[in-house]
1. I need the full set of residues from the range 172-203 which are touching a helix residue (DSSP H, G or I) at 6+ places or on another chain (Cβ under 8 Å), without any contact (Cβ under 8 Å) to a residue 24 or more places away in the chain and surrounded by 14 or more Cβ atoms within 10 Å (Cβ to Cβ), in order please.
2. Restricting attention to the range 111-140, and to residues there that are modelled with pLDDT of 95 or more, crowded, with 21+ Cβ neighbours inside 10 Å and under 23 Å from residue 69 (Cα atoms), which single residue is nearest to the chain's Cα centre (by Cα)?
3. Out of (1) more than 18 Å from the chain's Cα centre (by Cα); (2) crowded, with 18+ Cβ neighbours inside 10 Å, what's the single condition that is false for residue 159?
4. Can you name the number of the only condition in (1) in a helix (DSSP H, G or I); (2) closer than 24 Å to residue 61 by Cα that residue 143 fails?
């Protein structure tokens with residue numbers, strides 16, 4: 001079965017991703033400030049966006065723990081019908097481009113792959129800023145940050161193993177710095193496929209289970 005998203009999904013027409021990390025009101029701090037290690041990242045600021053409703057802040061470690069358990073893209077495995085990650089990049093004219101991708105959470109970051117000549121690949125080569133959003137049964141999440149191109153052979157091999165464990169039979173290509181496989185989403189273009197890591201600068205989560213809540217975190221990228 002060919003996955004629906006890159007390893008994966010096909011590109012979706014443009015929608016509005018925003019440039020959230022540039023538009024956040026840095027003067028409003030409804031919640032406490034925290035500074036602690038969370039995998040690779042230090043949380044420099046935590047804002048309870050639902051404080052006006054008397055709701056408690058969301059614990060980032062809970063969100064990260066659920067992500068670490070794995071987010072399946074199989075039908076009927078998550079809300080509303082399955083989990084799909086949406087990647088927003090910036091077109092040359094400044095307009096947004098949004099596409100569904102098959103991202104993996106590993107080592108405190110989201111990882112994805114695509115051909116460098118795809119629209120998102122060209123966008124990221126010019127401007128690495130991007131946003132990734134995900135809806136699950138327990139929370140909606142947006143990660144804002146920059147996509148880093150990964151070519152270290154050991155890391156690429158590790159991610160190939162991760163994708164294979166998730167059901168996509170990726171393998172390292174002859175260069176040792178990219179991936180290949182018998183198939184991927186049409187939107188990925190032909191192999192080789194480059195691996196990218198999104199280094200989070202900011203995350204916003206909305207709890208969809210009781211008692212609810214919404215929290216924004218800002219990270220110091222290490």
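1. The answer is 172, and nothing else.
2. Here the answer is 132.
3. All conditions are met except number (1).
4. Of everything listed in (1) in a helix (DSSP H, G or I); (2) closer than 24 Å to residue 61 by Cα, residue 143 misses just condition (1).
The values are calculated or read from the model by the stated rules, or taken from the named source; none is laboratory data. Every value quoted in this text rests on a predicted model; they were computed, and no experiment measured them. Here Cβ is always computed from backbone atoms with ideal geometry, including for glycine, and neighbour counts include all displayed protein chains.
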